[in-house]
1. Suppose all protein chains stay in the model; what accessible area per residue would a 1.4 Å probe give for the chain, in Å²?
2. Tell me the mean residue ellipticity at 222 nm calculated for the chain from its helices only (DSSP H runs of n ≥ 4, each -39500 (n - 2.57), averaged over every residue, nearest 500).
3. Obtain the nm distance between the two label points defined at SER54 and ALA11 by a simple spin-label model: each point lies 7 Å from its Cα along the Cα-to-C-beta direction.
4. By how many nm would the segment from LEU63 to GLN91 grow when fully extended, if each residue of separation counts as 0.36 nm and the alpha-carbon distance is taken off?
5. Carbon-plus-sulfur fraction of the accessible area of the chain, 1.4 Å probe, in percent?
Amino acid sequence: MTRTPKLRGRAARLARLIPAARGGGAARTPFVLLVVLLLGGGLIGLLMLNSALSEGAFKIGDLQRGTKSLTDEEQALQRDVDAYSAPDALQRRAHELGMVPGGDPAFLDPDGSVKGVPSA
């Protein structure tokens, strides 16, 4: 058996302030469990955060592809509108519909006089 030496004076007073060691392993177990739980919870939290960020990145990629597709479609439609509104295309379409070019216009003044030469 180990024998503890008797303390005297200042050492004895200091020894009374420090609690006696009672099974150090039992007091350490809750602390170790707490640390392990905190580390495990932190790792699980990081995994969930990483998964959420990856899911967001995939959604962004899908939305960017959709935006590119819609932009291409818009540009194609704008080219069609530009082609249909060109003067030669308008003239050709009007001719297909049986329209003829108008002559010089004639205008009526408020006093009833005619400006220009009217034609049928």
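1. In whole numbers, the chain has 97 Å² accessible per residue.
2. -23500 deg cm²/dmol
3. Taking the simple label geometry, SER54 and ALA11 are separated by 6.2 nm.
4. The LEU63-GLN91 span can extend by a further 5.9 nm.
5. Roughly 65 percent of what the probe reaches on the chain is carbon or sulfur.
The values are calculated or read from the model by the stated rules, or taken from the named source; none is laboratory data. These numbers were taken from a predicted model, which means no experiment stands behind them. Reconstructed Cβ throughout: ideal geometry from the backbone, glycine too, with neighbour counts over all protein chains shown. Calculation scope for accessible area: heavy atoms of the full protein, side chains included, ligands and nucleic acids excluded. Shrake-Rupley method; radii C 1.70, N 1.55, O 1.52, S 1.80 Å.
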